[in-house]
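Accompanying notes for the structure given below.
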Amino acid sequence: MAKLLWTPSEEVIQKANITRYIEYVSKRFGLGLDPLEKGVYFRLYRWSVENIPAFWMSVWDFCGVAASQRFYEVVDDLTRFPGARWFNGATLNFAENLLRGNGKNAVKAVREDGVERSFTYHQLYMMAGGIARGLREAGVGVGDAVVGYMPTTAETTIAMLGAASIGATWSSTGTEIGVDAAIDRFSQLSPKALFTVDAYFYRGKKYDVLERVRKIVSNIPSIKTVVVLPYVGEGVDLGGLPGGVLFRDFVGEGCAPEFVQVPTSTPIYIMFSSGTTGKPKCMAQSVAGVLVNHLKELIIHTDLKPGDVITYITSPSWMMWNWLMTSLATGATVLLYDGDPNYPDWRRMWRLIEENGVSIFGCSASYINNLRGMGASPRQAADLTTLREISQTGSPLSADGFEWIYREVKQDLHFNSISGGTDINGCFAIGSPILPVYAGQLQSPALGMKVKCYDEEGNEVYDREGELVCEAPSPSMPLYFLNDPGNEKYLDAYFRHYTHKRVWRHGDYVIFHSDTGGITFLGRSDATLKPSGVRIGTAEIYSVVETIPEIADSLAVGQNWKGDQRIILFIKMAKGHTLTEEVKEKIRRSLRERASPRHVPAVILEVPDIPYTYNLKKVETAVANLVNRRKVVNRDAIMNPEALDYIEKLLPTLWEQA
């Protein structure tokens, strides 16, 4: 069995939201569940996937969804996969559900250079009303697209809330996204309005934005209104921006929003695939589906409560921003940080946690591994008394990474490693404060998500590697992909891998553990390595290699080689180290001993950086395409394309013996 790292106390269990939920559904449906009983979570989970309509109805009611009209059926047909319609007959407004706070602090925005601003729920309410009024006057209505090219700041939240207030559809990217990538995304939506800033800071440097915005809007003629927030300076040149107006003038004095009630299948968000394998796919997600799924994850799984302070290292390019926004519906305070979380040094986020009394801190595996590589010890850098949970996602974290959290951050803490995707705006696997934490394992499948691990023939398996699949619809799955006649892109993306079964194949390589009920994620199955036909998850390599002190980061891909596949490992060295033959041998020996001889790479190459998407995922597929002489498209989807360029220069070395 995996190493046990944390067991919740009886006090933690008694105070948890999920304990109240278990008592609620047990009484309502006569389930006979005892929140203190061992294994009660997995009894609850089985009920949730065997009684899907009853489960989602219970989430709607327990979480207190505000709707002007209740649904007459929870779901029309669970055999329509995709295509099931949820909460039919109900009408509601997304922003109304997020703006029910009682006037206390709703958002605190902190900029890298130290500028801080706070907004109460009432201020958000009035400013969102001003945005809504301005959008209506600009001709924006229900179902129209409004986009944001914005950093992680309060006005991005306010713009989204204003758009949602009138039933418009919101889509955003962070200002770190390049011009071509922004055009590729936004042009598919035909948006009527765009929100942006004059400039932003990152690692102490100012980056101007408006020239990029002019190029974007010149390529998207549907944009008739551009709203600019003077984020860094005051003198903003609105020339070349159609309908250009300053944010404060667009909001005016603010007003109470008129929350337009819309059917539950109205799109609230258009989300984008990472775009490393082609033009980003646009996924429409429903107002009710996103709201109810987020509330389930935030209230029941994450244990977010009124009065909590929650933050996540994210940007409006990543679905975790959308997820974080729904935290407002709980009455919590959302702390937004805009900038490099390690600037001026790695202590920055931990001091913010101390200064703001953060309860729940969200980050990526790459952030944790970066701290580990630096030899950081957050528990020595800040008072973390208020911190009771860390949420981690983005890519798999090794068992050693889990142990580092409990050793160097805090011993009594719920480490909630989660995994899902932009495509469902949520999680297939997630944690619970009433479950123990085991090293390297996500605690459980998410309630209501009928997930399994399949082998290559589509058989359910435990305690061995396989594909993550979902056997039933859930509310936040996409309504449709834009510009996708006959749902062909949608079906190709998820439903055509197993020809004899209609299941959602997510593209993650996992192990379902029969002893703990937990799930280990091993990396993307579409980047799974197969030397000599043996499937190896890339995370199995990273979990070993990235514990070596001399190594800061790594990326493994398979290269087709003499009728087989060999593993190529790219290494970013820690500061002050170089890739010597001694280090290479250390890598080989560690993989041979801790994984298997098949995990040992044939070639190890040093690179200055590892390429990542804006969703903080390693760019394995694009690198695999390069080393196999395949075309790489849409490089603008890559956060640091220079890292890919460097790898491309190494290719002759990899090909010369082919």
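The values are calculated or read from the model by the stated rules, or taken from the named source; none is laboratory data. The shown structure was predicted, so the numbers you read here are calculated from the model rather than taken from an experiment. Here Cβ is always computed from backbone atoms with ideal geometry, including for glycine, and neighbour counts include all displayed protein chains.
Within the stretch 584-637, the set of residues being in contact with a strand residue (DSSP E or B) (Cβ under 9 Å, 6 or more places away or on another chain) and of a type in the set (Ser, Thr, Tyr) comprises Ser596, Tyr612, Thr613, Tyr614, Thr621.
When the stretch 631-653 is examined, which residues are found to be among the hydrophobic types (A, V, I, L, M, F, W, C) and within 21 Å of Ser172 (Cα to Cα)?
As a first pass, look at the stretch 631-653 and keep what is among the hydrophobic types (A, V, I, L, M, F, W, C): 632-633, 637-639, 643-644, 647, 650-651.
Listed by number, the residues that qualify are Ala637, Ile638, Met639.
Across the stretch 564-585, what is the total count of residues that are touching a residue at least 60 places away in the same chain (Cβ under 8 Å) and not in a loop (DSSP other than H, G, I, E, B)? Counting residues in the stretch 564-585 that are touching a residue at least 60 places away in the same chain (Cβ under 8 Å) and not in a loop (DSSP other than H, G, I, E, B) gives 2.
Among the numbered conditions (1) in a loop (DSSP other than H, G, I, E, B); (2) surrounded by fewer than 16 Cβ atoms within 10 Å (Cβ to Cβ), the only one that Leu435 does not meet is (2). Counting the residues of the stretch 363-389 that are closer than 17 Å to Gly307 by Cα and within 19 Å of the chain's Cα centre (by Cα) gives 1.
Screening the stretch 587-645 for residues that are among the acidic types (Asp, Glu) and not in a loop (DSSP other than H, G, I, E, B) and picking the one that is farthest from Ile548 (Cα to Cα) gives Asp636. Picking from residues in the stretch 177-204 that are modelled with pLDDT under 95 and of a type in the set (Lys, Arg), the one that is nearest to Tyr614 (Cα to Cα) is Arg185. Go through the stretch 334-372 and give me each residue that's over 18 Å from Trp323 (Cβ atoms), hydrophobic (A, V, I, L, M, F, W, C) and not in a helix (DSSP H, G or I). Trp346, the sole residue that qualifies.
In the stretch 457-478, of all residues being in contact (Cβ under 8 Å) with a residue 40 or more places away in the chain and outside any loop (DSSP other than H, G, I, E, B), the one that is farthest from Arg505 (Cα to Cα) corresponds to Glu465. Filtered by the rule that a residue be surrounded by fewer than 17 Cβ atoms within 10 Å (Cβ to Cβ) and either among the basic types (Lys, Arg) or modelled with pLDDT under 95 (or both), the stretch 219-238 gives Lys224, Gly233, Glu234, Gly235, Asp237. Scanning the stretch 191-238 for residues that are of a type in the set (Val, Ile, Thr) and outside any loop (DSSP other than H, G, I, E, B) turns up Thr196, Val197, Val213, Ile216, Val217, Thr225, Val226, Val227, Val228.
Report, ordered by the first and then the second residue, all pairs with beta carbons closer than 6 Å, sequence separation of six or more or different chains, a first member in the stretch 262-282 that is farther than 28 Å from Val632 by Cβ, and a second member that is at pLDDT 95 or above and aromatic (Phe, Trp, Tyr). Correct list of pairs: Thr264/Phe87; Ile268/Phe94.
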